[in-house]
Amino acid sequence: MQIALLQLASPDHESVRDRLARVDRTVLAERALRDVDLLVLPEMWTAGYFSFEQYAERAEPFEGPTLAAARTWATAVQAFVHVGSFVEVDAAGRLHNTSVVLAPDGALVAEYRKVHLFGYGSRESQLLTPGDSIGVGPVAGAPTGVTTCYDLRFPELYRSLVDEGVEQVVVCAAWPAARLEHWRLFTSARAVEQQVNLIACNAVGEQQGVLLGGHSRVVAPTGEVIVEAGADEGFTYADLDPTLQRAFRAEFPALADRRWSATTTKEYA
């Protein structure tokens, strides 16, 4: 299973239309994507995570321009596409931080509205409505969970995904450079404690005076960092063998030794 992580910047001077067009050209021109099974983008790359004043005007319906562009990429390169996330406006006018995974034919595989909304130095928790359920779907033959950025600090969400049978988790993020070591710590911890492959794509560049950390990474359940990007825009590639994750769980069955577990449910609130 080959994975492509696309680190993106969302500069304040660039319009959403221009950014979509730029990223569209970037994806369609990348010939290496023809051999990729999964493409992952960062959190809120269209609207710009820290552009809080523009959330309302940059919000889009679920079937909006971000999803339309991602469907084009999925079918063009014949890969699963995790769109990162975008500001979704629902039928009631509420705003959400929404992630979507598409199959190579453009069909919906998984959707997830971010459950844990950030408040420290952020207006996300004031402006958006949290999700209330987990996101799970099959990606390249592996049961896959979907989480977003701040969720990394809440291991109970990841345990809920494991209770649903996931073997890998994809995380999109707009994680600041100021807390880069937390990013490394939590991505590694979630992979090891849940015995999953952890695939994490972070944003780069500066937004509203905040420098994003980049360093997108793929971590195995052993704790091995399979790949880690730098702090620039562009593609980073990683090869994953899902059978190794399954073999490690069988060899070191720590999850079977749990003495405390909640009732398995798809509702998470």
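Things to note:
- Heavy-atom surface analysis with a 1.4 Å probe gives the chain a carbon and sulfur content of 52 percent of its accessible area.
- Which label in (1) 51; (2) 47; (3) 61 gives the computed percent of Cα pairs over 23 Å apart: (2)
- Prolate/oblate/rounded call for region 191-254, Cα gyration tensor, a/c under 1.5 rounded: prolate
- Here region 116-194 is assigned +1 on the Cβ of each Lys and Arg and -1 on the Cβ of each Asp and Glu. Its dipole about the Cα centre then comes out at about 320 debye.
- With the simple spin-label model, which puts each label point 7 Å out from Cα in the Cβ direction, the residue 76 to residue 127 separation comes to 2.8 nm.
- About its Cα centre, the dipole of region 175-269 is roughly 460 debye, where the only charges are +1 on Lys and Arg Cβ and -1 on Asp and Glu Cβ.
- Full extension of the chain between residue 12 and residue 24 gives 2.5 nm of extra length, using 0.36 nm per residue less the Cα-Cα distance.
- Percent of beta bridges antiparallel (DSSP, the chain, rounded to nearest 5): 65 percent
- Highest-fluctuation residue, 115, 169, 227 considered, GNM on the chain with Cα pairs under 10 Å: 227
- Accessible solvent surface per residue of region 159-201, calculated while the other protein chains remain in place, 1.4 angstrom probe, Å²: 27 Å²
- Highest mobility in the GNM of the chain, judged by mean-square fluctuation with C-alpha springs under 10 Å and restricted to 185, 38, 128, is found for 185.
- Residue 250-residue 53 pseudo-label distance in nm [points 7 Å out on the Cα-to-Cβ vector]: 5.8 nm
- Counting 0.36 nm for each residue step from residue 35 to residue 182 and taking away their Cα separation leaves a gain of 49.7 nm.
The values are calculated or read from the model by the stated rules, or taken from the named source; none is laboratory data. Quick caveat: nothing in here was measured; it's all calculated off a predicted structure. Virtual Cβ from ideal backbone geometry, glycine too; neighbours counted across all protein chains shown. When the accessible area is computed, the model is the full protein with side chains, heavy atoms only, and any ligands, DNA or RNA have been set aside. Shrake-Rupley method; radii C 1.70, N 1.55, O 1.52, S 1.80 Å.
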